[in-house]
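> Below are the structure tokens for one structure; questions will follow.
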Amino acid sequence: MFSTAAAFPATRTAALARLAAFVPAAPRYGAERNRVAPGHNAVSRLSPAIRHRLILEAEAAAALLGAHAFPAVEKCVQEIVWRTYWKGWLELRPQVWADFKSAVPALRASLPAATLARADAVAAGRSGVAAMDAFARELAATGYLHNHARMWWASFWIHVERLPWELGADHFRRHLLDADPAANTLSWRWVAGLQTPGKTYLVRRSNLAAWCDPALLADPAGLDRLDDPVVSAAPLPATRPPAAGPLADLPATPPAAPARTGLWLHEDDLLPELGPLSDLRPASIAAFAAAGETDAELSPPRRAHLAAVRADACARAAAAFGCAAAVDPAPDFAAAFGAWIESAGLQRIVALAPAVGPVADLLPVARTVAAARGVELVLVRRAWDRLLWPLARAGFFPFWENLRPRLAAREAALFS
Ligand SMILES: Cc1cc2nc3c(=O)[nH]c(=O)nc-3n(C[C@H](O)[C@H](O)[C@H](O)COP(=O)(O)OP(=O)(O)OC[C@H]3O[C@@H](n4cnc5c(N)ncnc54)[C@H](O)[C@@H]3O)c2cc1C
């Protein structure tokens, strides 16, 4: 039942329609959002679109604030900026992403075979706890889980199964349509108790009973392992989150240049026609299937979603900029990027800056390939990111207290 696919927007048109349908119901979100029920109608299900910026956080917030008084939609706006907060937090501490990336293969190489077999069984929905296994199957089938189900399942993985958080986060990364290096990695760290030292999130049977559709708990197999007094926090390594570094200084718009320009589209921001690049006159537009994670790592729904959002972005960009735009399917990013520069005769490349994660990991390669051909790579940062990411220096609540009055007043700079 829970694996019934709710439709997840993979085009800007579908995302805007979903947003428009969600806005009238948004005042009920605060009270209803924790409820986990088939169809997930209490939440927006916009994350697979927001993740790739088919629509912007600023657009979603503006739609809510344009239709309702701030207090009526405060909870919803606050959740939207949780995403912004995680993005900024990781951008100021890229080492956390690098550590996560290297931990996964290291754990796979060093853990006992029995631990790895258990991790694979839990991920495949064979833990023996029926409710958790239903969530695992839903994730595999649809690429989505409700936020509360993500919290329960991650907590089950870490605090009940006592499996390493990094392997659970890697499983989500490969399956979630909205898989995001910041929101995913940092949410797993938060459940583990690493993000806010001393605070863990514990899955509890009473909490499931309060918020889950009763049908999901109809099969009681294994539920006793989630009994409130039974679940206790897994031991934590004695590490604190690293201190925040500076945000790299990037221009707000591309410098004017007579150069023959290529526009690089990537999955961190697939809305080039809106914002700082809208006046660009590109000679060529390209997206790369190999920019980021390789297909072999990703689940079929996640691969299909990525292909759909890239294709949608190319179609919109071609129409908006009056220039051909295509996805290069070649598996070797460096070769494809170099071939694009040469075949299009480019003199510079412009892109919206990717955030810390798989696309940004390719920047050194992209720069080297471009420089070898005498081509400059220019990255531009959106106003929302430039203004808000540097505020993610401490916990979420100081961030929110800074932002709350500015959002309530709909400060123009945030929405430019
Ligand atoms: C272990 C774990 C892993 C997660 N991994 C991801 C991930 O990879 N990508 C991702 O986008 N979110 C992730 N989240 C956050 C959250 O679960 C999803 O953003 C949310 O469930 C998406 O569904 P929705 O669009 O219906 O959300 P809604 O409740 O309708 O919220 C609207 C929008 O606000 C943002 N948002 C809402 N809640 C959160 C949150 N807690 N953190 C950050 N942004 C939020 C999303 O962009 C979402 O689309 C994770 C949470 C947990 C506990």
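The values are calculated or read from the model by the stated rules, or taken from the named source; none is laboratory data. These figures come from a predicted structure and were not determined experimentally. For neighbour counting, all protein chains shown are included, and Cβ atoms are generated from backbone atoms with ideal geometry for every residue, glycine included. To get the accessible areas, we keep the full protein, side chains included, count just its heavy atoms, and leave off ligands, DNA and RNA. Shrake-Rupley method; radii C 1.70, N 1.55, O 1.52, S 1.80 Å.
> Once Lys and Arg get +1 and Asp and Glu get -1 on their Cβ, which of ALA289, LEU379, VAL73 lies farthest toward the positive end of the dipole of the chain?
VAL73
> Show that you can apply the helix-only estimate: for the chain, add -39,500 (n - 2.57) for every DSSP H stretch of four or more residues, divide by all residues, and state [θ] at 222 nm to the nearest 500.
One gets -14000 deg cm²/dmol as the mean residue ellipticity at 222 nm.
> While we're here: Which one, ALA7, ALA62, ALA238, projects farthest toward the positive side of the charge dipole computed for the chain from Cβ point charges (K/R +1, D/E -1)?
In the chain, that residue is ALA62.
> Could I ask something else about it? Net charge around PRO197, counting only other residues with Cβ within less than 12 Å of its Cβ (Lys, Arg = +1; Asp, Glu = -1)? The partial results should precede the final answer.
Working: positive: ARG189, LYS199, ARG240; negative: none.
Net local charge, PRO197 excluded: +3.
> How many percent of DSSP beta bridges within segment 261-380 run antiparallel, rounded to 5? Don't jump to the answer; show the numbers that get you there.
Working: 1 of 17 bridges.
About 5 percent, rounded to the nearest 5.
> At a Förster distance of 30 Å, what's the computed FRET efficiency of ALA383 paired with ALA283, Cβ-Cβ distance as r, to 0.05?
On the way: r = 26 Å, r/R0 = 0.88.
Using R0 = 30 Å, I get an efficiency of 0.70.
> A further question follows. Using alpha carbon centroids, what distance separates segment 241-260 and segment 52-98, in Å?
20 Å
> Taking only protein heavy atoms into account and a 1.4 Å probe, give the accessible area per residue of the chain in Å². Write out the running numbers ahead of the final one.
Values: 16460 Å² over 416 residues.
Counting only protein heavy atoms, the per-residue value for the chain is 40 Å².
> Modelling each spin label as a point 7 Å along the Cα-to-Cβ direction, I'd like the ALA296/ALA315 distance in nm, to one decimal.
It is 3.2 nm.
> Calculate the dipole size of segment 1-122 relative to its Cα centre from +1 charges on Lys and Arg beta carbons and -1 charges on Asp and Glu beta carbons; express the result in debye to the nearest 20.
The dipole of segment 1-122 has a size of about 160 debye.
> Could you calculate the contour length gain from ALA31 to ALA233, that is, 0.36 nm times the residue separation minus the distance between their Cα atoms, to one decimal place in nm?
Details: separation 202, 0.36 × 202 = 72.72 nm, distance 2.81 nm.
Roughly 69.9 nm would be gained on extension.
> Charges only on Cβ, +1 for Lys and Arg, -1 for Asp and Glu: so what's the dipole of segment 293-365 about the Cα centre, in debye to the nearest 20?
Numbers: 5 positive and 8 negative charges, 59 e Å.
Dipole size: approximately 280 debye.
> Count the DSSP beta bridges whose two residues both fall in the chain, then state the antiparallel fraction as a percent rounded to the nearest 5.
5 percent
> Something else about it: In degrees from 0 to 90, rounded to the nearest 10, what is the angle of the helix 300-321 Cα long axis to the longest principal axis of the chain?
Approximately 30 degrees, to the nearest 10.
> Continuing with the same structure: For the chain, what does the relative contact order come out to in percent, with C-alpha contacts under 8 Å and a separation of six or more? Please report the intermediate quantities before stating the final value.
On the way: 640 pairs, mean separation 82.3, N = 416.
Rounded, it is 20 percent for the chain.
> Let me ask another. Report, to the nearest 10°, how far helix 12-22 tilts away from the longest principal axis of the Cα atoms in the chain, using its own Cα long axis and a range of 0 to 90°.
Long axis of 12-22 versus the principal axis of the chain: about 40 degrees.
> Using modelled backbone amide H atoms (1.01 Å from N, in-plane), which distant-in-sequence or interchain residues come within less than 5 Å of PHE288's amide H?
ASP328
> Pairs of Cα atoms under 8 Å, at least six residues apart: use those to get the relative contact order of segment 242-398, whole percent. Please list the in-between numbers first.
Details: 226 pairs, mean separation 51.1, N = 157.
Rounded, it is 33 percent for segment 242-398.
> With θ set to phi - 60° and the Karplus curve 6.51 cos²θ - 1.76 cosθ + 1.60, what are the ³J(HN,Hα) couplings of segment 289-299 in order, to the nearest whole Hz, using x for Gly and Pro?
Once rounded to whole Hz, the list reads 4, 8, 7, x, 7, 7, 3, 4, 7, 9, 5.
> Against the longest alpha carbon principal axis of the chain, how many degrees, from 0 to 90 and to the nearest 10, is the axis of helix 130-142 turned?
20 degrees
> Please report, in Å, the Rg and the Dmax of the chain, where both are computed over Cα atoms only.
Radius of gyration, then largest Cα-Cα span, for the chain: 21.6, 68 Å.
> Here is a further query. To one decimal place, what Kirkwood hydrodynamic radius in Å is obtained for segment 104-226 from all pairs of distinct Cα atoms?
Values: mean 1/r = 0.0684 Å⁻¹.
Radius from the Kirkwood sum: 14.6 Å.
> Test of understanding: express the Cα radius of gyration of segment 59-166 as a ratio to 2.2 N^0.38 Å, with N the residue count. Walk me through the numbers on the way to the answer.
Details: Rg = 18.1 Å, N = 108, 2.2 N^0.38 = 13.0 Å.
Expressed relative to 2.2 N^0.38 Å, the Cα Rg reads 1.39.
> Determine the shape class of segment 261-380: with a ≥ b ≥ c the square roots of the Cα gyration tensor eigenvalues, call it rounded for a/c under 1.5, and otherwise prolate if a/b is greater than b/c, oblate otherwise.
oblate
> Go through 372-381, 160-169 and give me the packing order, highest mean Cβ count within 10 Å leading. Please list the in-between numbers first.
On the way: 372-381: 16.9, 160-169: 21.0.
Going from most to least packed, we get 160-169, 372-381.
> Using label points projected 7 Å from each Cα along Cα→Cβ, tell me how many nm separate GLU273 and ALA17, to one decimal.
The modelled label-to-label distance comes out at 1.7 nm.
> Please list 26-32, 153-159, 117-123 highest first by mean number of surrounding beta-carbon atoms within 10 Å per residue.
153-159, 117-123, 26-32
> Could you tell me how many cubic angstrom of Cα convex hull volume segment 16-85 has per residue?
Details: hull volume 5.9 nm³, N = 70.
Convex hull volume per residue, Cα atoms: 85 Å³.
> Which net charge results when you count Lys and Arg as +1 and Asp and Glu as -1 among the other residues whose beta-carbon is under 13 Å from that of TRP153? Present the calculation step by step, with values, prior to reporting the outcome.
Numbers: positive: ARG137, ARG150; negative: ASP133, GLU138, GLU161.
Summing Lys and Arg as +1 and Asp and Glu as -1 gives -1.
> Give the peptides 223-232, 311-320 in descending order of average Cβ contacts within 10 Å, highest first. All intermediate terms of the calculation are to be shown ahead of the outcome.
Working: 223-232: 13.3, 311-320: 18.5.
The densest-packed peptide leads the list: 311-320, 223-232.
> Here's a follow-up. Relative contact order (percent) for segment 5-88, with alpha-carbon contacts under 8 angstrom and 6 or more residues of separation?
On the way: 70 pairs, mean separation 30.9, N = 84.
In percent, rounded to a whole number, it is 37.
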